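Written out below as structure tokens is the structure these notes cover.
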Amino acid sequence: MKSRSHIFAAFLLVGLMSLLMPAPRAAAQNSPDDQPHIQPRTTPTPTPTPRASQPSQKPQDGYERPPFPGDASPTRPNDPSPKAHDDKYERPPFPGDAPGTSPTGASATGESSSRDSLIDLNSRAEKEEPATKEDESVLQPWDPHKAAKDVEVGQWYLKLKNYRAALERFNHALTYKPNDAEAIYGLAITQEKLDLLSLADQNYRKYLEILPNGPKAKEAEEGLKRIGPHVAMRKSGDSNADPVKLAAHDIDVGETYLTGNHFDAARERFEDALRLTPDNPLVWFRLAQALQGMQRLDPARLYYKKYLEAQPKGKFAGNAKKAIGQIDWVLGK
């Protein structure tokens, strides 16, 4: 019994001793914790060498970033390259630059730039050639359709006894077709109504020259017989001796100017006739027409009234009254 207790006590002592004693340590070469984590470098660290900057390749999607501050300004293929000896860009010379000067304004000879920047105003005038005078015949229009329309409107005005408007239409038709027989005949009739007898005589004869057997030939011959004595009376005699015949000649020329709406030239002729025959009612009426065409309305109205006072039932009394009404309406009187 005692032996068994001694054996149990011995086993118990051995177990306690094994618990109290530390475990044997493993060999250093077999433990990973004994090895250093970073091995020291045996060779010195190499110095990095700078590399040349290579142009960045554009991405395949075509995107190009915007320039950042500090980037070198890109050069365009069409931009002129600056010269090697210049520290700034110098543009190429333009046409018209003064000879002997640099394009940037500096003097090529070292003189002051203010002298080089002077503009010679006479140089351009010397280079310009005088403008050639255009042929007036080229500027004349040719449009028979417009001429026929003007003749139609002029005949309508003639029926309404608006002789001034008819005269303008027939003259306008002749600018598009100079030898239009219908326009010439209508012009002759209108001029006869306006007492422009010498001009009416010329146009009657011109119509017969163009269409001697035309539809209006008989009327043209009758018109020549009708105004022939009056035209002969104006042209007969020594015009240098008789003031009345001199005045008649001035009236004739003034009426020619009045037909073409050359009012100032007509006024001068009528004033010459007025100095020769101051009591001629026809001169007063024609002078009033010229002044009205020049927009000198107050003296025009005065001469119209003077004509009506002398001939209240004269040949042009109705025209004078109508002109006075128009002037009063314009002037508000």
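Every read-out reported here was derived from the displayed coordinates using simple, explicitly stated rules and does not represent laboratory data. Source: prediction; values computed, not measured. Cβ coordinates were reconstructed from backbone atoms using ideal geometry, including for glycine residues, and neighbour counts include every protein chain displayed.
Could you tell me the calculated FRET efficiency between E222 and D298, based on Cβ-Cβ distance and R0 = 45 angstrom, to the nearest 0.05?
0.60
May I ask you to derive the relative contact order of the range 247-305, considering only C-alpha pairs under 8 Å and at least 6 residues apart, and to give it as an integer percent? Display every interim value, and only then the final one.
Working: 69 pairs, mean separation 18.0, N = 59.
Taking the mean separation of contacting Cα pairs over the length of the range 247-305, I get 30 percent.
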Set Lys and Arg Cβ to +1 and Asp and Glu Cβ to -1, take the dipole of the range 144-235 about its Cα centre, and tell me which of A181, G214, S198 lies farthest positive. S198
Counting Lys and Arg as +1 and Asp and Glu as -1, what is the net charge of the other residues whose Cβ lies under 10 Å from the Cβ of L258? +3
If each K or R counts +1 and each D or E counts -1, the residues other than A181 whose Cβ falls under 15 Å of its Cβ total -2
Between their Cα atoms, which of K146/K315; K216/K313; K177/K206; K206/K305; K149/K225; K225/K322 are more than 25 Å away from each other? K146/K315; K216/K313; K206/K305; K149/K225; K225/K322
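Apply the Kirkwood formula to the range 144-235: the hydrodynamic radius equals the inverse of the mean of 1/r over all pairs of different alpha-carbon atoms; give it in Å with one decimal. Working shown, then result.
Details: mean 1/r = 0.0773 Å⁻¹.
Computed over Cα pairs of the range 144-235, the Kirkwood hydrodynamic radius comes out at 12.9 Å.
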Among L274, I324, L258, which residue has its Cα positioned farthest towards the positive end of the charge dipole of the range 243-331, with +1 placed on the Cβ of Lys and Arg, -1 on the Cβ of Asp and Glu, and the dipole taken about the Cα centre? I324
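Using Cα pairs under 8 angstrom and six or more residues apart, how large is the relative contact order of the range 144-264, in percent? Could you put the intermediate results ahead of the total?
Working: 126 pairs, mean separation 20.9, N = 121.
After rounding, I find 17 percent.
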Explain nothing, just compute: Karplus ³J(HN,Hα) = 6.51 cos²θ - 1.76 cosθ + 1.60, θ = phi - 60°, for every residue of the range 193-207 in order, whole Hz, x for Gly and Pro. 5, 8, 6, 9, 6, 5, 5, 5, 4, 5, 6, 4, 5, 5, 5
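Using only alpha-carbon positions, what ratio does the radius of gyration of the range 160-310 give when scaled by 2.2 N^0.38 Å? Working shown, then result.
Working: Rg = 16.1 Å, N = 151, 2.2 N^0.38 = 14.8 Å.
Ratio of Cα Rg to 2.2 N^0.38 Å: 1.09.
Summing +1 for each Lys or Arg and -1 for each Asp or Glu, what net charge is found among the other residues whose Cβ lies under 14 Å from the Cβ of F170?
Details: positive: K146, K149, K159, R164, R169, K177, K193, K206, K216; negative: D150, E152, E168, D180, E182, E192.
So the environment of F170 carries a net charge of +3.
Which whole number in µm²/s is D for the range 243-331 by Stokes-Einstein, with the Kirkwood Rh taken over Cα pairs at 4 °C and 1.567 mPa s? Spell out each step's value before the answer.
Working: Rh = 12.7 Å.
My calculation gives 102 µm²/s for D.
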